[in-house]
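The values are calculated or read from the model by the stated rules, or taken from the named source; none is laboratory data. These numbers come from a predicted model, not from an experiment. Cβ: placed from backbone, ideal geometry, glycine included. Neighbour counts: every protein chain shown.
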Amino acid sequence: MKIKYFSPSFKRPEKSKTQLLFNEVTLVVCESQADEYIANKNRVWVVPDSAQGNLCRIRNYILDKNTDADCVVLMDDDYNSFNRFNKQKNEKLTELGFYEFVENACIMAKDVGAKFWGVNCLSDKGAYREHTPFSFVAYIGGPFQCFMKGNELRYDENLPLKEDYDMTLQQLNKYRKVLRFNAYNYDVKQAKQVGGCATYRNVEKEKSQLQALQNKWGSDIVKIDGCSKRGFDFNPILKIPIKGV
């Protein structure tokens, strides 16, 4: 099975932690920033500047240029670990263990007819139920999203801060299922560092993106949690109108 691993990176030229953990991952960087990345011994795919500047745009560029792959795996560039719950403990996978998991997951996704798959977005044991090892109508987070061959859907460039929620909804709307492996999860920095989406993320833009996501899919499907201290939560609650887990 032909599996390709890519990690878009923007204004983070230091040696990628993801690539240190998983050597098969290729960083995707724009031409104007490539020299800094290469100087820090990152393995890169250099793309035109016009392909960058928006997370959705660069992800779509990657997908459009790799339609020959059986699966395109999109990962963040700031991984600390990729993990699996085993007997109540969240254990880090080795690099080989990670590749073996991805290959087996691709085979299973193909067998069940899922065009899009991923893992649990939370590493808290409270978020994993042993009797629900798989989900078919659950949110799949942006740090690890996998597209099987023939997946026609692309990210909405109008939603660069909520692209993963929108993509999950797009997949469920068109293909009626996704595949999430609930025992597996990741540890990434996400909003804790500079570069990437941090270059354009702030509270007002988060609010605007939440509203845009809700406007697109409706308030019955996208719920905004108003219980946090901020008066709203950056992360919406999805109510998927499809039976299943």
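Values as computed for the structure displayed
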| quantity | calculated |
| --- | --- |
| Residues within segment 144-168 that are touching a helix residue (DSSP H, G or I) at 6+ places or on another chain (Cβ under 7 Å) and either under 24 Å from residue 69 (Cβ atoms) or not in a helix (DSSP H, G or I) (or both), tallied | 15 |
| Residue in segment 136-146 that is of a type in the set (S, T, N, Q) and farther than 20 Å from residue 99 by Cβ present | no |
| Meets criteria (over 18 Å from residue 109 (Cβ atoms), at pLDDT below 95 and either out of contact with any Lys or Arg (no Cβ under 8 Å at 6 or more places or on another chain) or buried (at least 19 other Cβ atoms within 10 Å of the Cβ) (or both)) for residue 205 | yes |
| Cβ-Cβ under 9 Å pairs, at least 6 apart or on other chains, segment 49-60 side in contact (Cβ under 8 Å) with a residue 60 or more places away in the chain and over 17 Å from residue 12 (Cβ atoms), far side in a loop (DSSP other than H, G, I, E, B) and of a type in the set (A, V, I, L, M, F, W, C) | 56/159 |
| Subset of segment 77-119 (residues that are within 12 Å of residue 146 (Cβ to Cβ) and either crowded, with 19+ Cβ neighbours inside 10 Å or touching a Lys or Arg at 6+ places or on another chain (Cβ under 7 Å) (or both)) | 102, 105, 106, 109, 114, 115, 116, 117, 118, 119 |
| Count - residues of segment 11-29 that are among the hydrophobic types (A, V, I, L, M, F, W, C), surrounded by 14 or more Cβ atoms within 10 Å (Cβ to Cβ) and either touching a Pro at 6+ places or on another chain (Cβ under 9 Å) or assigned to a helix (DSSP H, G or I) (or both) | 4 |
| Breaking point among (1) touching a strand residue (DSSP E or B) at 6+ places or on another chain (Cβ under 7 Å); (2) within 24 Å of residue 170 (Cα to Cα); (3) not acidic (Asp, Glu), for residue 113 | (1) |
| Hits in segment 127-156 (condition: surrounded by 14 or more Cβ atoms within 10 Å (Cβ to Cβ), among the charged types (D, E, K, R) and out of contact with any strand residue (DSSP E or B) (no Cβ under 9 Å at 6 or more places or on another chain)) | 154, 156 |
| Qualifying residue in segment 30-50 (condition: surrounded by 13 or more Cβ atoms within 10 Å (Cβ to Cβ), among the β-branched types (Val, Ile, Thr) and within 20 Å of residue 164 (Cβ to Cβ)) | no |
| Residues of segment 41-58 satisfying the condition of being among the charged types (D, E, K, R) and closer than 10 Å to residue 157 by Cα | 57 |
| Tally of residues being of a type in the set (Val, Ile, Thr) and touching a helix residue (DSSP H, G or I) at 6+ places or on another chain (Cβ under 8 Å) across segment 94-143 | 2 |
| Scope segment 169-184; condition under 14 Å from the mean Cα position of the chain (by Cα) and assigned to a loop (DSSP other than H, G, I, E, B); matching residues | 178 |
| Matching residues in segment 175-192 - criterion: being modelled with pLDDT of 95 or more and either of a type in the set (Val, Ile, Thr) or surrounded by fewer than 19 Cβ atoms within 10 Å (Cβ to Cβ) (or both) | 175, 176, 177, 178, 183, 187, 188 |
